[in-house]
Every structure is written in structure tokens, then in C-alpha cells.
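One structure is given here, and the rest of the page talks about it.
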Amino acid sequence: MGRIQWCAAVLLTLAAPIRSAAATNDPVVAVAGLGVEYRGVTRDSSVEEFNSVKFAKDTSGPRRFAPPQPYLPPRGAVVDARAAAPACPQIPDAIPPYFGATPHQSEDCLYLRITRPVGTKPEDRLPVVVHLLGGGVVKGHTQEALFDPLHLVAESVSFGKPVIHVALNYRVTIFGFARLPILKGQKSLNAGMRDQRAGLQWVKDHIASFGGDPDRLTSFGLSSGGTFSSLHLMAYGGEQGVPFTRAWCMSGPPGTALNMTSDATEHHTRAVANMLGCGGRSARDEAAMLKCLREVPMERLAHAAITHSIQNHPPAGLFTFIPSVDDDFIPDRQSALYKAGRFVKGVPMVFGWTHDDGATNAGPPTSFQTEADIKTPIRKNYAHALADADYASLFALYPASDFASEVANYEARRHAPTDPVISVHYFRAARILRDLLFTCSSIDFGSEMTKQSRALDPWFPGVRLYDLNQSMVTRRFRGAGMPWLGIVHGSDIDYLYNNMFPRSTMPGEDLDLAGRFLASFVNFAYTGDPNGQGSSSWPESFPVGSRDEGANVQLIGGPWGTGSYRLPTGTKAEEEGSIATEKMEAMQHPLVDSTKYEEMVEEWQQRGQQELERDRLGERCSFINSLADKLGH
């Protein structure tokens, strides 16, 4: 990792200054009830942006590690929100292909970026989508190029269903998730999630002045951003509600937040304190340790935390400082909360995963030579408390014989002399991690949200699940010499934003999927249901009166097209006799007669159903979810 560099002069120019007047050509929003105006800028003649809307005070000094304090400009102020806000302290280097370098950082970083269609008026009351940025709790900020909302907002206008997009900065790494008993006593743990809630609350309270509808507010995110959206439903045990009405979680169910009950984050916090000369072991020393950590310059603290994180969780230090149970904001581990009904109900949700979602979590593929090697990444990074008997049961559910096709497919892609020989055990590890981190919790919480919400409201719009089976990112990884990566983690995000691969350069099948996926997202923002203009038919995953304990899963893209399939739970799929429930969509009609076409569709349906059943998610997730206590979720 390169040396962290900072530029105070640039940070000064990036701050959101208060002006006495605004240029007549710039969009200006008067926020009702505050007596404050925000001055934005028009981009590309299609959107208006307010890049630096501050929602909480500077978090440096005595506010470091503390809950955010709301910020409002003085009455009568005109705030210049045109310039980009700084990022919160984080890894400054790029993490390709998802994140660029982040040179401009500050602890005065709690800002919103609001993007709306040109000409939006307060009376328009457009749906609002709020992006909780993912990045493994080490990276992410509102100006990240991959998440530039220009195309998303412009495309929503072209659909005839315009939306307002909001991105939200929050503290990450040790700044957002330090853990010490003294911080717990001060109700200061999970500061990064408290930042998110403060930002979401600002949006709910004031977005109407920007033309948004606070009653149609979708929290969405990828990876940790999706997990945070999920976890907010359990904040305070659901007793204080949430400042949003819908959630769209891409590879981000609540169960991704493993080890919430462990003391690992406290060990990491103390290790960083020792690196900085702030260490202390007794309770009496904790106050001195905290004072010292608050006085360390931001650059030194960030460098020490990032160095420690990378050493412990290479290569990028992901998920070193993480959310944890604090008996306040997060009163218990998430599965215990939602099983007990201690969460906000009646929130329509979409949970998705990619077909090879665990591939990048497994680590270098050549490190897997035996079955025992599968334990290493799981035990080191994700599930510290699993016993050998648990691994034996897990390995029996993911036998090598089930992954012969993965090995064969990889061998067919090997072309360069440098492409390594990869053992079947790598593909087993990748699939176990996919289900452990992303899939099983999505199904489990989705079922509970539906069941418990319907008990209160039979008209609850429901929860939907998807398995993405197509990716544009795969080509980039193959070009970088990693042909073993398939439909990897994060493949879905650019089907929304179209920044890594602009629409003008997309192959036809990706352009079609991007249009349908974004249409589903926009429809969901409007009604809580992804069905509607431009989208594929997408039934609820847990419909009223379903014949078994299974779920409908939308298989999106890939060789079998897009359609819904029935996923049984609890026993082997092949013994359940699952059937596809929806006709395949998102395919161009081939130039054959109708009888031949019907036969082809039937074959595609059967192959898609077989592909989903081959995952054996019913029995595998039944076992994984039974480990919730040991997994710390």
C-alpha cells in the first residue's frame, strides 16, 4: 500500500462554505422550516447536484468515536453545496476495479450528495433512493466514480419514472467502529451506523424541499452497504422505526455481519492503540487510552488502523473494524433479533446475490490443495467459533463431486500459460463462503420479514430474492489474469450505474439486462414492487398460500435468461420435485417457428431450474442458519 498523503489546502477548498448570495443560473433549494438555502450545480444539462450537504458536525477531537451531532447552518444562510465534500478517513489507495484513489479526506466528512433531475420542484414528490456505500468498512465515499448517479437518474427520467439519488458519507475503519468497554458505556459503539441513521433522518426530514417524497425512501447498497441497510431494521430492537420505507440489498443481508458478539474488534482497537503508544490494560487506563487515541493526528491513526487491518486481513483489510452488539443501537445479534420479532416490519425488500459471490472472499485459488485448506479463510476471516464437527458437516453438504462442472468450466477458460491449475477445493470454498455470507441469511431474513409483516398486514408487498448469473466485470478480471473468477461479488452494481461499462460500449445482452435491472429498481422505488414498465416479471419470493416452505428466486441473466424458479428449503432439492413458476424472459425471440420456440423455452426453463437445484440451497442453508450462534449473527 502506498504512503497516505494528505493535502490540507485542498480540504479547505472542498469544504461547503456559507455564501451570502447565489448565482442566478445555479439551482437553489430553500429548505422549509430551516430558513436555509442550498446552492447546487447543473451537470450535463440533465441533473442538478448538491454535492456537500452537511448533516452532522466535524467528528475530530473529542467527537472522534462519538455519536454524530446533527448540524444545521445558521438561519438565513445560503450554503454553497457545489464542490465535492471530503471523504471520511479510509484506505487512500485504489482497489480496482471498484474503487479509485481517495486523496481528499477529513474527519469533517458527514455530508450528503443529492442528485435530482433538472427542473425538479418541491411539489413533484419524487421517490428517493439513498445509497449506503459499500466497501468492506474500509472504503467508500459520495464522490466515488463507479457510483456517479448521473446515468441512473437520467435513465429513470427516460423511463418516465424520475427518481432522486442521495449518497451518504459515514465513518469507516477504526473511526466508525472502534470498540472499547468505555465507549460501550458511553453508548458510542457503532458510530458509523449512527452516522448513517443521522444522514437518513436528515433526508427524511428535509428531502421534500428538494422535490423528494419522504414516504417513498429506499435505502440500498452493495455488500456492507446492503448489510447496513438490513441491520438498520433491527436497530434499537425495532422500537424506534427506521427513516426509510424500502430496502434493496445487493449481496448484503444481515448475516454478512458475522462475529458481532465476539471481542475481535476490541482486540484490533487495542492493537492499534499499542502501535500508537496509547496502550493500557486496566479499566483505569481506558480513559487515558481513549483520550490518547482522540489526540493522535488523523493521518497517524488512519495509517496505523489501515496497516493493522491489512496485516490481519490481507490484501485490503476488509471487515477488521465491524459492527458489534452494544446493548443499545444493536441490542443483540441480528438473527436473534429478527427471530424474536425485534425488527421493523412492513418494509418491502429485495435481497440478491451473484452466482459466484464468494469467489473473491476465498483468497488465492492456488492455496487450496486439500479439503482442510477450506477451513483457513473461513476460520481466519469469518467464523472463528466453528468446531471440527461443524466443518465435517459443512464439507459433507458441499462434496467435491458437486463441483466437477465448475472445474470443467474453468479448464475450458484456461488459455494463457500462466493460468494456474486450480483444485476443486477452491470452488467448494467459494460456494461455502457465498452461502455463509450472502445467500442463506437473505433467504432466512426475507422469510421472517414476510411472515411477520403479513401477520400485521395481509397486503404487505413482500420480499423478493434474486441470483445474478451474468456479469460484465468478469471480462475485466480475465483480462487481468484471473480467469477463475466468474459472476463475482459486485457484478450487479454497474447494471444500475453504467459507469465501469458505459451503455454505449455494452454488448446487447448486457445492455438489455441493464435496462431491465434498472427498471426493476426504479419500479421498486416507486411502489415497493419491482414489477412494472420495462422490467421482467418478478413474483414474490414467499407468496401467500405457497405449497411448501420454499421460496421463489429470480435467476437473472446468463445462458438460461431471466425467470423465476421455485427453491425448496429444508431437504434435498431433487427430492422435492421443484418446478419453474415463470416463463423465461429477457431473451430475443429466435428465428424459428412457434413450436420450436416453445420447446427451446421449455428446455431453458428446465436447465435454469436444474442450475438452481444444483446449489442445494434448501439443505445447505438449513444447516448454515443453525450455526447462527457460533457465527455471531
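Quick notes
Rundown of residues vs (1) surrounded by fewer than 16 Cβ atoms within 10 Å (Cβ to Cβ); (2) of a type in the set (Lys, Arg); (3) not assigned by TED's automatic domain parsing to the domain that holds Leu183, yes/no style:
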position: Thr320; (1), (2), (3): no, no, yes
position: Ala372; (1), (2), (3): yes, no, yes
position: Lys380; (1), (2), (3): yes, yes, yes
position: Ala383; (1), (2), (3): no, no, yes
position: Leu386; (1), (2), (3): no, no, yes
position: Pro399; (1), (2), (3): yes, no, yes
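- Restricting Thr376, Thr439 to those that are more than 23 Å from Glu619 (Cβ to Cβ) and part of a helix (DSSP H, G or I) reduces the list to Thr376.
- Annotation note: of Thr142, Thr115, Thr102, the sole residue that is of a type in the set (S, T, N, Q), under 30 Å from Thr256 (Cα atoms) and either at pLDDT below 95 or part of a helix (DSSP H, G or I) (or both) is Thr102.
- Scanning segment 196-233 for residues that are within 17 Å of the chain's Cα centre (by Cα), within 30 Å of Val28 (Cα to Cα) and not in a helix (DSSP H, G or I) yields a count of 5.
- Test result for Leu465, within 28 Å of Thr376 (Cβ to Cβ) and modelled with pLDDT of 95 or more: no
- Take the conditions (1) in contact with a strand residue (DSSP E or B) (Cβ under 9 Å, 6 or more places away or on another chain); (2) part of a helix (DSSP H, G or I); (3) touching a residue at least 60 places away in the same chain (Cβ under 8 Å); Thr474 misses just one of them, which is (3).
- Residues (outside any helix (DSSP H, G or I) and surrounded by fewer than 24 Cβ atoms within 10 Å (Cβ to Cβ)) located in segment 234-245: Glu239, Gln240, Gly241, Val242, Pro243, Thr245
- Residue satisfying all of: in segment 299-317; in contact with a helix residue (DSSP H, G or I) (Cβ under 8 Å, 6 or more places away or on another chain) and aliphatic (A, V, I, L, M); farthest from His267 (Cα to Cα) among these: Ala316
- One residue stands out among those in segment 297-318 that are surrounded by fewer than 20 Cβ atoms within 10 Å (Cβ to Cβ) and β-branched (Val, Ile, Thr): the one that is farthest from the chain's Cα centre (by Cα), which is Thr307.
- Some residue of segment 285-292 being free of Cβ contacts under 8 Å to residues at least 24 places away in the same chain and assigned to a loop (DSSP other than H, G, I, E, B): no
- Exclusive hit being touching a Lys or Arg at 6+ places or on another chain (Cβ under 9 Å) and either in the same structural domain as Ile493 (by TED's automatic domain parsing) or small (Gly, Ala, Ser) (or both), set Ala247, Ala208, Ala198: Ala208
- Candidate set from segment 382-430 (those that are charged (D, E, K, R) and in contact with a Phe, Trp or Tyr (Cβ under 6 Å, 6 or more places away or on another chain)); member that is farthest from Ser262 (Cα to Cα): Glu406
The values are calculated or read from the model by the stated rules, or taken from the named source; none is laboratory data. Just so you know, these numbers come straight off a predicted model, no measurement behind them. In this analysis, Cβ positions are derived from the backbone assuming ideal geometry, glycine residues included, and neighbour counts consider all displayed protein chains.
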